[in-house]
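Chemist: Right, I'll just put the structure down here and ask away after.
The values are calculated or read from the model by the stated rules, or taken from the named source; none is laboratory data. For clarity, every value in this text was computed on a predicted model and none was experimentally measured. Cβ placement follows ideal geometry from the backbone for every residue including glycine, while neighbour counts extend to all protein chains displayed. Only protein heavy atoms, including side chains, enter the accessible area calculation; ligands, DNA and RNA are left aside. Shrake-Rupley method; radii C 1.70, N 1.55, O 1.52, S 1.80 Å.
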Amino acid sequence: MQGKPVQIIQWLFEQDGDKQFIIKEYKEKRSLNANNYYWKLVNEIANRLQTSKEEIHKRMIKRYSQSEYISVLEEVNISGYVRYWEEKNTFIHNGRRFKSYLVFKGSSEMDKKEMSILIDGIVSEAKEMGIETLTPEEL
């Protein structure tokens with residue numbers, strides 16, 4: 001079911017009271033073409049710089065993705081929880097040691113607008129390297 005709140009509430013009242021439902025905000029998905037174009041440019045930049053596409057992807061995520069700071073106990077290995085991060089500092093709070101990290105949203109979690117920012121960033125970098133890119137109209 002997709003609709004405005006009133007429509008969803010009316011629909012829910014018509015359902016079996018023993019069933020459970022998950023409700024989440026609808027967000028327009030990005031196109032596969034956008035994703036494919038992003039990875040095409042990642043590949044071309046990686047080839048130009050003679051490095052891996054994973055390394056270029058990580059750089060682009062760190063430059064153009066949404067980010068936020070988190071702090072966790074020093075002994076917690078965050079690599080099992082987040083994929084893209086930078087360690088920032090260590091501090092003591094109430095006698096316990098913590099580490100602060102800047103964590104970045106991965107491209108697979110991005111909505112259409114966030115993916116657009118990522119693509120704009122990689123297009124800019126590709127242009128600086130003389131790599132052919134699509135015009136805004138072609139995109």
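Chemist: Just checking, which of Tyr37, Tyr81 is aromatic (Phe, Trp, Tyr) and open to solvent by less than 60 Å² (accessible area, probe 1.4 Å)?
Modeler: Working: Tyr81 fails: open to solvent by less than 60 Å² (accessible area, probe 1.4 Å).
Result of the check over Tyr37, Tyr81: Tyr37.
Chemist: Going by the conditions given, is Met60 of a type outside the set (Val, Ile, Thr) and under 30 Å from Gly3 (Cβ atoms)?
Modeler: The answer is no for Met60.
Chemist: Return the residues of the stretch 92-108 that are surrounded by fewer than 17 Cβ atoms within 10 Å (Cβ to Cβ), closer than 30 Å to Trp39 by Cα and β-branched (Val, Ile, Thr); say none if nothing qualifies.
Modeler: None; the set is empty.
Chemist: Looking at Glu54, is it at pLDDT 90 or above and over 17 Å from Ile131 (Cα atoms)?
Modeler: Yes.
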